[in-house]
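First the structure, in the form of structure tokens, and then the observations on it.
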Amino acid sequence: MANVLGVGIATLDIINELDHYPAEDSEQRALSQRVELGGNVANSLRVLRQFGHPVEFAGVLAEDADGRRIGDLMDRYGIDTRHARRVEGHAPTSYITVNRATGSRTIVHWRDLPEFDLGAFMAIDPSEYDWLHFEARACDETAAMLALSRSRVTDQPISLEVEKDRPELDQLWSFPDIIFFSAAFARGRGFDEPATFLREARGWAPQAILVLGWGSGGAWLSRPGDTEPVQVPAQPVDTVVDSIAAGDTLIAGFIHARVRGMGAQESLEFAARLAERKLAQTGLAGLGPKDPAADPDLLCRLDDLEPLDALGVWPRGREQGGPAPLIVVREGERVCAWRNVCPHNGSPLSRQRHDFLETRDGERQLRCNVHQAYFRLDDGLCTAGPCEGQRLEPVDLKRIGDRIYLADRADRRDPAASSGTPADRGHLRGRTQP
């Protein structure tokens, strides 16, 4: 698996499905409505997470209700947001109309947040990641982030998505190893033929693998040294249900295949088939074998945590009075959980996914970032701070294979898990066992 950093935006998508596209100045009832995580990089990271890759988002999140909802959706889908910059303001939204008759979508974007910039990126060490992926936005800042990344990585790939033309875009070409172009960008530059566009783009970035999605015209590839671009023909989709994020899925599929060691053309074939599966279904759920959304009771997997680690998780359903946020702690094969509530005054120890552990007196302990209270990993006892001597509240977990659940939810979804069956099903108060 590859640890992937994605730099770009996340939005809240409000998606209305209609039986036909509305005429101007008309009124029409939607067939359905859903609210989802959106944004190019966020979508690609969500798909990559479904294939088991640890993924982290670097972008700007608003502190309003919609911004918190975006953060909650990222948590639900296993996208780490510790490097997100949080600011006052209104979350970006995309109002999407899907024509069910054709599967096409029309999008109205609204955004007034600042872009993620070099100053925020400086807090990140690019060398810690196996793959870095950027959206081409705010190109002066993106160029600086790409240059910094290029100076610090060794053999980790750097990829760039170019969806639309932007001021100063051409300064980005020399940095990436892989560039993903959209058909809209190619047409905006005056090219109606994929091969002609890629021949021209080869001169912009001679060092890079170039990938171009062309809808029903398939996907196209140009590698350094190729005399001609290569086409991966599209396979027919019986019914195009939903084209939202098909391009983001293509990118995720290509990254996953490359990480698995596939060649460029084989990777593009895998990515194209994955994007076609996306076209044939609503949304992104279930595209990969490890989709957290396909298992809504799943808290996390064992390999989401390092051998000594603590992870903030948000059980689904808490907005309807369900469980409070939790801290799942791993020490080797032993896993336990505590409510993410400081006994001093009820505030969370941290609101981040990874921001709990600190070494104190030579021992790794949980730390409350608000009151600087410290808690032992094995029994939740506060060893220092305003609530010294008090304990965190333990939570019952159950582990099934590498999957970790709240105990009652695991029992509900898999009765065999509580039937006394041996193997790897542990069940103890406040912890699981291998």
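The values are calculated or read from the model by the stated rules, or taken from the named source; none is laboratory data. Just so you know, these numbers come straight off a predicted model, no measurement behind them. Quick reminder, even Gly has a Cβ in these numbers, built from the backbone with ideal geometry, and neighbours come from all protein chains shown. These accessible areas exclude ligands, DNA and RNA; they are computed on the full protein's heavy atoms, side chains included. Shrake-Rupley method; radii C 1.70, N 1.55, O 1.52, S 1.80 Å.
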Worksheet entry | Signed unit charges on C-beta, dipole axis of the range 238-353, positive-most listed residue Ala294, Leu250, Trp314 | Trp314
Discussion item. Per residue, how large is the accessible surface of the range 82-233? Use a 1.4 angstrom probe and give square angstrom.
Written reply: 46
Item to complete: Could you compute the FRET efficiency for Gln235 and Ser32, with r as their C-beta to C-beta distance and R0 at 30 Å, rounded to 0.05?
Response: 0.65
Discussion item. Tell me which DSSP H helices of the chain clear both cut-offs, 18 Å or more of axial length from alpha-carbon atoms and a mean Kyte-Doolittle hydropathy of at least 0.0.
Written reply: 246-259
Discussion item. Counting pairwise Cα distances across the range 145-227, what percent come out greater than 22 angstrom?
Written reply: 22
Fill in: Separation of the Met122 and Val87 label points, Cα + 7 Å toward Cβ, nm
1.6
Fill in: Calculated FRET efficiency for the pair Lys164/Ser216, C-beta based, R₀ 30 Å, to 0.05
0.90
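Of the DSSP beta bridges with both residues in the chain, give the percent that are antiparallel, rounding to the nearest 5.
So the antiparallel bridges in the chain amount to around 60 percent.
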Practice prompt. Please work out, to two decimal places, the log10 of the ratio I(q)/I(0) at q = 0.16, 0.35 Å⁻¹ from a Debye calculation in which every Cα of the range 109-148 carries one identical scatterer.
Written response: -0.44, -1.34
Practice prompt. State, to one decimal in nm, how far the label point of Asn16 lies from the label point of Asn3, with both points 7 Å from Cα in the Cβ direction.
Written response: 4.4
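Among 299-312, 350-363, how do they line up from the highest to the lowest mean number of other beta-carbon atoms within 10 Å? Let's see the in-between values first.
On the way: 299-312: 18.0, 350-363: 15.3.
Highest-to-lowest ranking by the protection proxy: 299-312, 350-363.
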Response to the item:
A correct Stokes-Einstein calculation for the range 216-374, using the alpha-carbon Kirkwood radius, 20 °C and 1.002 mPa s, returns a whole-number D in µm² s⁻¹ of 111
